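Okay, handing you the structure first.
The values are calculated or read from the model by the stated rules, or taken from the named source; none is laboratory data. Everything quoted here is computed from the prediction, not taken from an experiment. Virtual Cβ from ideal backbone geometry, glycine too; neighbours counted across all protein chains shown. Please note that ligands, DNA and RNA were not included when accessible areas were found on the heavy atoms of the full protein model with its side chains. Shrake-Rupley method; radii C 1.70, N 1.55, O 1.52, S 1.80 Å.
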Amino acid sequence: MKNQQERLSELETKLQLLLSSQIALTGSLTRLQEEINQLKAALNTEDSLLPPPVDIGTCHAVIVPVINTTQPESYFEPPIQSTPGRTSPSKKPTQPTGNSQSAIEKFIGENLINKIGIAITVIGVAIGAKYSIEHELVSPATRIILGYLMAAALLAFGIKLKKSYENYSAVLVSGAIAIMYFITYAAFSYYAMMPRMIAFSLMLLFTGFGVSTAINYNKQVIAHTGLVGAYAVPFLLGEKSGKVGILFTYIAIINVGILIIALKKYWKSLYYSAFIITWLIFVSWYIMQYSSSLHFNLSLIFAVCFFAIFHLVFLAYKIHKKEVFNGSDIWLVLINAFIFYGLGYSILQSNANTLNLTGSFTLVNALLHAIISLVLSRQNKSDKNLVQLITGLAIVFLTITIPVQFEGNWVTLLWIGEAVILFWIGKSNQNFLYEKIARPLIALALCSLLMDWFSVFDTFYYDAPIAGFTPIANVNFISSLLFAMALGYINYLQIKHPTQSPAHRRSYPDLLIIGLPASLLLILYFMFRLELEFYFRQLYLNSFIPGGKIASGESVKGIYNENIVRMKTIWVINYSMMFFSLLSIVNIKRIQNHLLAVTNLFLTVVTIIVFLTQGLYVLQQLTDNYLQQPSTQNYQRGQSPILIRYVSYCFVATLLVLTNWIIKQKFISLNKHRLRVAFDLLLHSTIVWIASADIIYIMKMLQASQPGKLGISIFWGLYALFLIVLGISKNKVHIRIGAITLFAVTILKLFFYDLEDLDTIAKTIIFILLGILLLIVSFLYNKYKGLMNEDPID
């Protein structure tokens, strides 16, 4: 009973809290509505633009706020009353425009003016020193001492002001460092007032001091003014001594200071400035003043020195701090590497003794980056972007080495070999970078192979034959075969390990699936075809007979056996039919690829059309030449022009049989009925075309007076009858329509072509035969009209 009483009291307390909250909320809503009405009246706002008034009486039924049970009265604070035009106390007043002007004034007064001032001071000291030198106002020793004293004064004053005015102090210290640099440079270079070791020791001391000061102050201005600003010293002094080695040593010391800073700070503007100024000075000197006899060793040494320093500068901080490389970091490394390579290559090319070392120099670049990449890859926490960048540079330089050092087929083989290695590494380690780099290498190697083919092909069009050419057993074919094997292995890797590329690179796998196999097929086709053409071209060039006679008996300076060219055409067509037949077999038995099948069908149709047009025409030329050429002429008459005809027919028959086989395969997703109709059209058109050509050939061999008229018309009529029978028995309407079309063509040929020169007996025979054939056709149509329906759709 007691527990229930406590529970009841607790619920009543909560109810009171909720009612208090509801009353407070109602009051707030009322005041909010009044304020809205006042603003509407003041701003003359249309009522339709505001939400409808809130019904205060219904608020308690829908609004149940979450409240603080300890202090219910203070949960909803009364809103601050405001009137139009009066600023709410809770809002901060808008900053006046004078403050922005004060910020600009502060920047100019506290930062910009002191930097301009120290720069002008340094320039003034340089100009004053130059003036005193030219007019001999003071002795050289006095000039140097005064310079050091001024630098010391600036340094002391700057250090004293560090606690109170750190930015201003940093500017003064940086100026002092710059003055000490150029005073030491002038004392050594112009007046020889100190030995080389002392001068360089002082410069190293100033560099170390500048580095430590920049890090201590954590101010880039010290590094910029004290180190990078020191680059301008030799030019401000008007350096005319020609001691370029001293200048480059001086610059190298400054760059070493920047390298040390790179281990602690990542000040990009400092690196950019030093990088641009250093290479700009070096490249300008190389273009305008370089002499191979005077500066060869010096230029090469300092090019290596500058490259190494900046390479370490760009890598040091990122490796030390284990930070990820971004786009600008990558560009710095790439530009530095290629500037060095271009300068080194040009320097080696300028000297006759090192002209042949350009390939070795390129290879050394590749090996250097490969070693760096290997070292970085063994560090577990190394940035993958950095490792991939250095590896990519090694691959690029290795790729450049090949055309620099080698020529001809070696370039092709080395490029495709490199592509195979990269592709294999990418697939084995699932590293998309290596696979990505391999693609342009494959394209480069393919272009190089085409150039090799064209260069060899052109040599066969000179008048003199190539001595020692052996089909298949020659460098061009062997390199093509090795290329095809390499590309075949790449295709195998792509099929076994499909590319798993990022979402925005989904087009790459599709390109590989189509491009790599297509390239392989083209290479396989043309590598054998070119050998075939080269062989016949060599035979043709070797057939030259000086002082021969043509058919008319006229003497000429020399003749070639033109039948060899015709035989080459036929054998190229036969080879094409054989290649596509083998491709059909491989696709049916092993690959079973729809796209390959469609491509093969298209190429098959094209090849057969080429044979029916060009091939049969060339065979006809061979037949005419065989019949017209007496055996006593320059070239003996053989049986090959006759036999080649039937060899070609065998290739055509094989190709048609395999085409019929491949369209029946289940992996082809095209409409099978349409494929069957197209094949029937191709098959019977080929048979009619070849048989008609063979009838003409036989008639010519029998020395018939009109070989193309009577025999062909009779054959067309008989074959049309055969097609009618076939169309009725197989219930194929397209074959019957084809037969009727062939009958129509035969009749037109009979009336408009055959009758012109035929005698009465021939006319009688052909008319009777065609009439009988047409009657048989009509009889068959009437007898089997109940069986002739539309073609069944598979």
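How long is the gain from V586 to T13 if the chain were fully straight, where each residue apart is worth 0.36 nm and the alpha carbon distance is subtracted?
Extra length available between V586 and T13 comes to 197.3 nm.
Given a 1.4 angstrom probe, I'd like the percentage of the accessible area of segment 658-739 that is carbon and sulfur, rounded to a whole number.
68 percent
I've got another one for you. Could you calculate the FRET efficiency of L718 with L539 from 1/(1 + (r/R0)^6), where r is the beta carbon distance between them and R0 is 51 Å, rounded to 0.05?
0.80
Per residue, how much accessible surface does segment 596-698 expose to a 1.4 Å probe? Answer in Å², no decimals.
Averaged over the residues of segment 596-698, the accessible area is 50 Å².
I'd like the FRET efficiency for A691 and I559, computed as 1/(1 + (r/R0)^6) with the beta carbon distance as r and R0 of 56 Å, rounded to 0.05.
In this case the efficiency is close to 0.95.
If you find the alpha carbon centre of segment 341-403 and of segment 675-703, how far apart are they in angstrom?
64 Å
Okay, which of segment 721-736 sit inside 17 Å, backbone N to the point 7 Å along the Cα-Cβ direction of L774?
Hits in segment 721-736 for L774 at 17 Å: 721-722, 724.
Which of K589/K732; K427/K666; K672/K730; K589/K672; K496/K664 have a Cα-Cα distance over 23 Å?
K589/K732; K427/K666; K496/K664
Now, a different point. Label Y646 and K730 with points 7 Å out from Cα along Cα→Cβ: what is the distance between them in nm?
2.7 nm
Using the beta-carbon distance between I472 and K666 and R0 = 41 Å, what value does 1/(1 + (r/R0)^6) give for FRET efficiency, to the nearest 0.05?
Computed FRET efficiency for I472 and K666: 0.60.
Starting from 0.36 nm per residue, how many nanometres of slack lie between L355 and C447 once their C-alpha separation is accounted for?
30.4 nm
Using 7 Å Cα-to-Cβ label points, what is the I371/Q620 separation (nm, one decimal)?
Label-label distance for I371 and Q620, simple model: 7.3 nm.
Rounded to whole Hz and in sequence order, give me ³J(HN,Hα) for segment 33-40 from the Karplus expression 6.51 cos²θ - 1.76 cosθ + 1.60, θ = phi - 60°, writing x for Gly and Pro.
Calculated HN-Hα couplings, in order: 5, 5, 5, 5, 5, 5, 5, 4 Hz.
I'd like to compare 411-422, 617-628, 245-256: which one has the highest average count of other Cβ atoms within 10 Å, and what's the full order after that?
Listed from highest to lowest mean packing, they are 411-422, 245-256, 617-628.
OK, next. Taking amide hydrogens as modeled 1.01 Å from N in the peptide plane, which residues meet the under 5 Å criterion relative to I559, leaving out close sequence neighbours?
Amide H to amide H, under 5 Å and 5 or more residues apart or across chains, I559 pairs with I545, G547, G548.
Solvent-accessible area of H497, probe 1.4 Å, all protein chains present, reported in Å² to the nearest ten, please.
Accessible area, nearest 10 Å²: 60 Å².
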